[in-house]
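Participant: Structure below; questions to follow.
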Amino acid sequence: MVENRYRSIFHSPASSADAFQAATGEMRAWLGWKRYDLAAFDRGDSRIAPGVVLLHIAANSPDGAQTRNWRLLEGSGEGDWTVSLTVHASADPTDPKAATWFWTEAEFVPAAITGVHWVPRQRAGAPRLVRGLLGRVDGFDGPARFCAEPVLVGAERAGALIDVLCDPGRRRPAVVASANPAVSLDDWLAVIAEATREVAGLASVYLLDRPGTSVFSRAIGESHAVWDGELRTYLPDVDPAAAADGTRHRVLSAARIAANPGTSAMIISAAPRRLAAEAPLPAALARVSRTLLPQASSTPDTADVRTHRDHVEHLGRERDLALDWAAKQQDRVYALLAQRESALAELAERQQQVFAFENQVRALRRRLIATGNDDGANRPTDAQAAPPGEFAELIDWVEQNLPRVSFTGDIAYPLELDASPEAPTWVRNSWEAFRALESYAEGRQDSGFRGDFKAWCERPPSPDAYIISPGKVRPRESATVRNKQKLWQERIFPVPREIEASGRTYMEAHLVIGASSGGQINPRLYYLDAITRTGKVYVGYLGRHLTNTLS
């Protein structure tokens, strides 16, 4: 599953000797940070802690290429983490900037499905390992530079940065933050560094100074600009000439970043982490796994041993055929993923056009109302805008646009959903659910509606009231869930202390957001209706289906 995987790949101009030395040094430093036995590491022992195994493999290809791999296996009651660092040095690279490749991968395999509240937050410390590597070697994604800290860009380099964003050789996101006029550059650099710490090795990160912000934003155009401390994540294939293309590259406001850099880090890293996990391996790394597979050893030439050797060679040929087939299937999957990304981008552009037309219609309705020529048109109850493209953007949109709905839950759970292929549909359904809750809260306060949210959706007070299908609204859980401690405790979510002194309360009212093809996710939204107390609806959870009697 993509949400259980972390992958960072970058190339470097470092020589093979320098690359292997940097990898060995950083692996040792990282293991020390994890408090493992460094003496065992120095001796080459595989057992470096109870339940922890470190394997080190070195292999050379016939063409002179060299590969080194470290694979850390960590077991626990919840499951197993595998963290792998591979350094591959080409014998005669065609691109002098790509003499070596660094490939870091972390994957979690659950021991069993014990519940749905688990999210691989730390990814076994892999981002820290990558940041350390980038502190020792220069890393690149095509023309984009990977660094452990944001790269400062002034006016003289703003044009070159635009060239990097538009370069077809850049295959990973690029994060560009603008200068914040209310904060000194050094202080803002520290904030941006904290907010982008999780994308080291997943995206290039740049911070424009004030002159650089002005030159960059005016040159790239208003649809793609960043101003006043905003941070923008530019996906590959930027097209500044197409205004609609700007909607693909999400913006995070300076106020949002400054208020909570930690939460912003999760939002900013969501898309780069997903894209990195889905992307195909570069050609230089496509055959590295086969290089690292152990080769059958030669044995004395007797009849019995020859038979055994022939059998081993036969198995080796079958393995090679299987690997070739798997590689072709992987290429096919990656091609389909690329087609999906293109289709989603096109869909987002079409949706933007649809909502622009809706805005025009609503503007005309307001004019009719103002002139007294209204034939049943009603005042719109909520602002129209294009739906966000991912859950990270959705949560930010809710905070900025819905004053009567507050998301109080752990943002890690909706971010986990972004890794699923069905995520765009779920984002749209969640967006509609949030808007309907806002419309309901407004109706309760301003128009005297007295029913609950399900009644609002079943019998809206006006044709213009925003609703969702009543069948998606579940006002309460089953008696089994309410009476079984393990199940109802799973439904205790964060709320403001003015609602509950402990800062947490039980929620059972929930909305059906969607279903997944494998039936393992089926996201839900849990909310607390506190309109009579604070005038707001609190959403305490948005994520995969919680445990119930059928789980």
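The values are calculated or read from the model by the stated rules, or taken from the named source; none is laboratory data. What you see is a predicted model, and the numbers here were worked out from it, not measured in a lab. Ideal geometry is used to build each Cβ from the backbone, glycine not excepted, and the neighbour counts take in all protein chains shown.
Participant: Taking interchain pairs and intrachain pairs at least six residues apart, which have beta carbon atoms under 8 angstrom, with the first residue in region 460-479 and more than 13 Å from GLY514 (Cα to Cα) and the second among the basic types (Lys, Arg)?
Facilitator: ASP464/ARG379; TYR466/ARG435; PRO470/LYS454; PRO475/LYS454; ARG476/ARG482; GLU477/ARG491
Participant: Evaluate region 235-242: report whether one residue or more is within 22 Å of the chain's Cα centre (by Cα) and either under 26 Å from ILE411 (Cα atoms) or not in a loop (DSSP other than H, G, I, E, B) (or both).
Facilitator: The answer is yes, given that some residue of region 235-242 is within 22 Å of the chain's Cα centre (by Cα) and either under 26 Å from ILE411 (Cα atoms) or not in a loop (DSSP other than H, G, I, E, B) (or both).
Participant: For ALA225, are the conditions met, namely being small (Gly, Ala, Ser) and modelled with pLDDT of 90 or more?
Facilitator: Numbers: small (Gly, Ala, Ser): yes; modelled with pLDDT of 90 or more: yes.
Taking the combined requirement at face value, the residue satisfies it.
Participant: A follow-up question, please. Tally the residues that are surrounded by 15 or more Cβ atoms within 10 Å (Cβ to Cβ) and under 28 Å from the mean Cα position of the chain (by Cα), restricting the search to region 481-504.
Facilitator: Going through region 481-504 one residue at a time, the tally reaches 7.
Participant: Continuing with this model, one more query. Residues being under 17 Å from LEU31 (Cβ atoms) and loosely packed, with under 12 Cβ neighbours inside 10 Å: count how many of those fall in region 56-74.
Facilitator: Adding up the residues that qualify gives 0.
Participant: Tell me, which helices (runs of 4 or more DSSP H) lie completely within region 344-463 with 1 or more residues that are modelled with pLDDT of 90 or more and of a type in the set (Asp, Glu)?
Facilitator: 423-446, 453-458
Participant: If you go through region 204-234 one residue at a time, how many are polar (S, T, N, Q), surrounded by 22 or more Cβ atoms within 10 Å (Cβ to Cβ) and under 24 Å from the mean Cα position of the chain (by Cα)?
Facilitator: Within region 204-234, residues that are polar (S, T, N, Q), surrounded by 22 or more Cβ atoms within 10 Å (Cβ to Cβ) and under 24 Å from the mean Cα position of the chain (by Cα) number 2.
Participant: When you scan region 33-46, how many residues do you find that are free of Cβ contacts under 8 Å to residues at least 60 places away in the same chain and surrounded by 12 or more Cβ atoms within 10 Å (Cβ to Cβ)?
Facilitator: So the answer is 7.
Participant: Taking the condition under 24 Å from the mean Cα position of the chain (by Cα) and surrounded by fewer than 18 Cβ atoms within 10 Å (Cβ to Cβ), does ALA190 pass? Steps first, please.
Facilitator: Values: under 24 Å from the mean Cα position of the chain (by Cα): yes; surrounded by fewer than 18 Cβ atoms within 10 Å (Cβ to Cβ): yes.
Yes, satisfied.
Participant: Please specify each residue of region 164-181 satisfying the condition of being of a type outside the set (Val, Ile, Thr) and within 17 Å of the chain's Cα centre (by Cα). Working first, answer last.
Facilitator: Our first condition is that a residue be of a type outside the set (Val, Ile, Thr); within region 164-181, this holds for 165-174, 177-181.
Across region 164-181, the qualifying residues are ARG171, ARG172, PRO173, ALA174.
Participant: Can we say GLY201 is assigned to a loop (DSSP other than H, G, I, E, B) and buried (at least 18 other Cβ atoms within 10 Å of the Cβ)?
Facilitator: Answer is yes for this residue.
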